[in-house]
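Engineer: This is the structure, below, for whatever I ask next.
The values are calculated or read from the model by the stated rules, or taken from the named source; none is laboratory data. It should be emphasised that the depicted structure is a prediction, and the values quoted were computed from it without experimental measurement. Methodologically, a virtual Cβ is constructed for each residue, glycine included, from the backbone with ideal geometry; neighbour enumeration extends over all protein chains shown. With ligands, DNA and RNA removed, areas are computed over all heavy atoms of the protein, side chains included. Shrake-Rupley method; radii C 1.70, N 1.55, O 1.52, S 1.80 Å.
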Amino acid sequence: MPEWDDREIIEGIQNPDKDDKAFGMLLEKYQERLYWHIRKIVIGHDDADDVLQNTMVKVWRSVGNFRAESGLYTWLYRIATNEALTFLRQKKKRTFAPWVDVEQKISESLESDAWFNGDEIQLKLQQAILKLPEKQRIVFNMKYFDEVKYEQMSEILGTSVGALKASYHHAVKKIKAMLGED
Amino acid sequence: MNKDRKKTDLQQKKLKEHPFGVPEGYFESFASRLQERIREEESSHVPVRRMVIPAKFRIAMAAAVVGLALISYSIIRINATGNGANGSFPEMALLEELQVFDDDRYLYDLIDEMDEEMNEEEAFAVQAIEYLAINDAEMVLLFE
């Protein structure tokens with residue numbers, strides 16, 4: 001599969017005719033990466049599919065306003081992160097009673113999730129991650145699984161590198177404690 | 001030893017792998033499903049015209065109403081003073097305000113005239129005669 005150049009994709013999708021080919025190139029290059037990023041936040045496949053679709057619809061509609069200085073990758077990740085967090089907040093309001101912890105519900109459903117292929121320790125790790133505060137969870141996922149650089153993460157999340165390092169440090173400490181390490 | 005092994009647990013390569021799966025062909029079919037959704041949304045999108053009154057316009061309307069009220073009030077004030085009721089003849093205005101009617105006004109005029117021409121005793125006599133005349137008194141008897 002060819003790796004499309006971001007500049008070529010941007011030029012294509014910013015065309016007034018909304019070039020379907022260029023948008024197809026964008027999907028081809030980023031859909032899978034964004035899916036995994038979203039999936040680690042919302043956990044369930046169906047939810048991740050909904051959020052990815054919402055993200056891409058938003059990208060399609062607002063691509064005319066995109067300013068190239070922030071980088072396509074950064075822009076897409078920012079939209080995907082916001083959409084995933086919005087989705088979780090809406091789910092909290094919609095599905096569960098206010099006293100029920102939505103993350104706890106997701107954590108419990110993970111054990112019976114048909115699309116969870118992990119073993120026991122992977123399940124424990126995911127359940128530990130779900131107990132982290134929202135921001136620490138995102139930072140941990142991006143650093144631990146995707147090895148995103150702090151500078152890039154800073155652009156996506158709009159947080160300083162120092163704060164991100166501190167968040168990751170706290171997240172690792174908590175997860176180690178939850179997994180019974182140290 | 002056991003502690004050292006545990007400490008490396010989070011660094012296990014297996015843990016860093018995604019433990020999630022997706023239905024077969026999911027990524028291959030995503031683009032077509034998305035394009036279908038976009039097409040559906042675009043075709044079903046009917047622009048709704050709403051009566052949205054911008055805040056600026058509402059403020060302008062309120063200002064116009066207040067302005068109109070002030071102008072009307074000013075005009076009424078100017079006309080009222082211009083008619084002379086209060087401006088040109090202040091004493092008449094005072095009488096009107098005190099709800100003094102024609103008969104009483106006559107009395108006032110009379111008093112004014114008396115003030116100018118007669119002393120107090122004469123004035124009293126004139127007033128008394130006037131009063132008795134009004135009440136049909138027998139003037140002859142009185143003067144006798």
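Engineer: Between A:Ala84, A:Ala68, A:Ala48, find the one with the highest GNM mean-square fluctuation for chain A; connect C-alpha pairs within less than 10 Å.
Structural biologist: Residue with maximal mean-square fluctuation among A:Ala84, A:Ala68, A:Ala48: A:Ala68.
Engineer: Okay, next question. Using a loss threshold of 10 Å², tell me which positions in region A:125-142 are less accessible in the complex than in their chain alone. Probe radius 1.4 Å, ligands and nucleic acids ignored.
Structural biologist: Buried by the other chains: A:Leu125, A:Gln126.
Engineer: Note down the magnitude of the dipole of region A:32-182 about its Cα centre, charges +1 on Lys and Arg C-beta and -1 on Asp and Glu C-beta and zero elsewhere, to the nearest 20 debye.
Structural biologist: I would put it at about 640 debye.
Engineer: Give the span of chain A's Cα atoms along each principal axis, as three whole-Å numbers ordered largest to smallest.
Structural biologist: 54, 36, 33
Engineer: With the full set of protein chains in place, find how many percent of the accessible area of region A:108-182 is carbon and sulfur; take the probe as 1.4 Å. Can you show the working numbers first?
Structural biologist: Details: 1850 of 3740 Å².
It is 50 percent, rounded to a whole number.
Engineer: I would also like to ask the following. Once you list every other residue whose beta carbon is under 12 Å from the beta carbon of A:Gly158, what net charge do they have if Lys and Arg are +1 and Asp and Glu are -1? Numbers along the way, then the final one.
Structural biologist: Values: positive: A:Arg78, A:Lys135; negative: A:Glu155.
Combined, the nearby Lys, Arg, Asp and Glu give +1.
Engineer: Can you tell me the dipole magnitude for region A:1-74 around its Cα centre, using point charges on the Cβ only (Lys, Arg +1; Asp, Glu -1), in Debye to the nearest 20? Show your work: numbers first, answer last.
Structural biologist: Numbers: 10 positive and 15 negative charges, 51 e Å.
Value, rounded to 20: 240 debye.
Engineer: Just the number, please: buried accessible area between B and A, total of both chains, 1.4 angstrom probe, nearest 100 square angstrom.
Structural biologist: Numbers: alone 14190 and 10660 Å², together 21530 Å².
When B and A are taken together, about 3300 Å² of accessible area is lost.
Engineer: Could I ask something else about it? What 222 nm value per residue comes from the helices of chain A, counting each DSSP H run with n ≥ 4 as -39,500 (n - 2.57) and dividing by all residues, nearest 500 deg cm²/dmol? It would help to have the intermediate numbers written out before the result.
Structural biologist: Values: 9 runs with 125 residues, N = 182.
Computed ellipticity for chain A at 222 nm equals -22000 deg cm²/dmol.
Engineer: Moving to a separate point now. Whole angstrom only: what separates the Cα centroid of region A:9-87 from the Cα centroid of region A:151-182?
Structural biologist: One Cα centre to the other: 25 Å.
Engineer: Further, regarding this structure: What's the longest uninterrupted piece of chain A once you rule out the GluC sites (Glu not before Pro) that are loop residues per DSSP with at most 14 other Cβ within 10 Å? Walk me through the numbers before you get to the answer.
Structural biologist: Values: sites that count: A:Glu3, A:Glu111, A:Glu147.
So the longest stretch without any such site is A:4-110.
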